[in-house]
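The structure under discussion appears below in the form of structure tokens.
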Amino acid sequence: MTRPRRSYSRLDVYSQCPEMYRWKYVEKIPEKPSVWTVGGTAFHSVAEQLLRGDLGENPGEAELYPAWLEAWETAYHDVVDHPRFVGDLDMGTWRAANRGAETRDWWIENGYAMVRRFADWRQTTGRDLLVFDLDGQPALEAEIEVELGGVPFIAIPDALVVDEHGQLGILDYKTGKPPQKATQLHAYAAVLAEKYGLHATWGLYYMARPGQLLPRLLPQDHAGLIAQVVDFDTRERAGDYAPTPGDSCRFCPYKRDRCTAYNKERA
């Protein structure tokens, strides 16, 4: 049997709740779609175009707004055309953040504002970050496969960049709240070290809402992170999907219909 390939997103879901992982990745139960998924994906697409230089050296509204609308439509169809899509094509019925306030219309306006801020950031404080070449190609959404502690692992960092001091950084775009930890970027750093012998100094969260960079100094010892990956792999392959109720329950799409802990408490 082929050993399953792991990723940070799977590790993160399992660490939040193994039962949620089971419904999402093992049983592949469709979940109600979210507006923020389309918005985040669309922003990532335009940000990549800007870093790649596809929209010109100093793009204005004439270049940015059509790129944003096209990215939005593409991201929307990526969701609704997926074989496991279950829901209404009308996004008015989808899950929306901020107690339902961040609807499609909110995203069309505010998502575009995020794009403009990113373009401005790239022309000013972000201009000194150069896109790193990996395997002869710009390291933008580069798919990197490696084994961490014997576990097949895949990483797709948004961008690898080099600052004015020659230090390697891992850039990741966030369209929601600031991450409390840099585990995601640490995982990417471990992959880069294992695959290429590259040592990333900085994890760089670009926070799209304020248009600011949130730097995190990355650990150079990856043993703890690798041990976490191995533990996740071992427990998941053993069928350990016991629910762990906690803060993540607020956003769990399976809570009401499938969660054994939630429904036990309601009984």
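Where a number appears in this text, it was derived from the coordinates with a stated rule and is not lab data. Remember, it's a predicted structure, so these values are computed and weren't measured experimentally. Glycine also receives a Cβ, built like all others from the backbone with ideal geometry; neighbour counts cover every protein chain displayed.
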Want the number for GLU70 to ASP12: 0.36 nm per residue separation, take away the alpha-carbon distance, what's left? 17.9 nm
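With each run of n ≥ 4 DSSP H residues scored as -39500 (n - 2.57), what mean residue ellipticity at 222 nm is computed for the chain after dividing by its residue count and rounding to the nearest 500 deg cm²/dmol?
After summing the helix terms and dividing by residue count, I get -13000 deg cm²/dmol.
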Would you grab the residues whose amide H sits under 5 Å from the one on GLU102? Only those 5+ places off in sequence or on another chain, please, with H modelled 1.01 Å from N. ALA97
The range 130-220: proportion of alpha-carbon pairs further apart than 17 angstrom, %: 46 percent
Which value, in Å to one decimal place, does the Kirkwood hydrodynamic radius take for the chain when every pair of different Cα atoms is included? 20.0 Å
Those helices of the chain passing the 20 Å axial Cα length cut-off and the mean Kyte-Doolittle cut-off of -1.0 (DSSP H runs only) are 35-52, 61-80, 223-237
Pairs of Cα atoms under 8 Å, at least six residues apart: use those to get the relative contact order of the chain, whole percent. 22 percent
Quick one: if the Förster radius is 25 Å, what FRET efficiency do THR234 and ILE154 give, using the C-beta to C-beta distance and rounding to 0.05? 0.85
In whole angstrom, largest first, the equivalent ellipsoid semi-axes that the Cα gyration tensor gives for the range 56-166 are 30, 24, 13
At R0 = 41 Å the Cβ-Cβ FRET efficiency linking LEU198 and ALA113, nearest 0.05, sits at 0.75
Measuring from centroid to centroid over Cα atoms, what is the spacing of the range 229-247 and the range 126-196 in Å? 25 Å
In terms of modelled amide H atoms, which long-range or inter-chain residues lie less than 5 Å from the amide H of LEU148? PHE153
Loop-resident GluC sites (Glu not before Pro) in the range 52-153 with no more than 14 other Cβ atoms inside 10 Å, DSSP not H/G/I/E/B, are GLU57, GLU141, GLU143
Arrange the following residues from fewest to most other Cβ atoms within 10 Å of their Cβ: CYS249, CYS17. CYS249, CYS17
Using 0.36 nm per residue, how much length does the chain from THR125 to ASN98 gain when fully extended, once their Cα-Cα distance is taken away? 6.8 nm
In what sequence do SER15, SER34 fall when counting other Cβ within 10 Å, fewest first? SER15, SER34
Using 1/(1 + (r/R0)^6) with R0 = 51 angstrom and r between the beta carbons of VAL86 and LEU214, what's the FRET efficiency to the nearest 0.05? 0.90
Could you line up LEU130, LEU204 from fewest to most neighbouring Cβ atoms inside 10 Å? LEU130, LEU204
Give the cross-link partners of LYS195 among the aspartates and glutamates, using a straight C-alpha distance below 13 Å as the criterion and excluding same-chain residues fewer than 8 apart. ASP135, GLU143, GLU145, GLU147
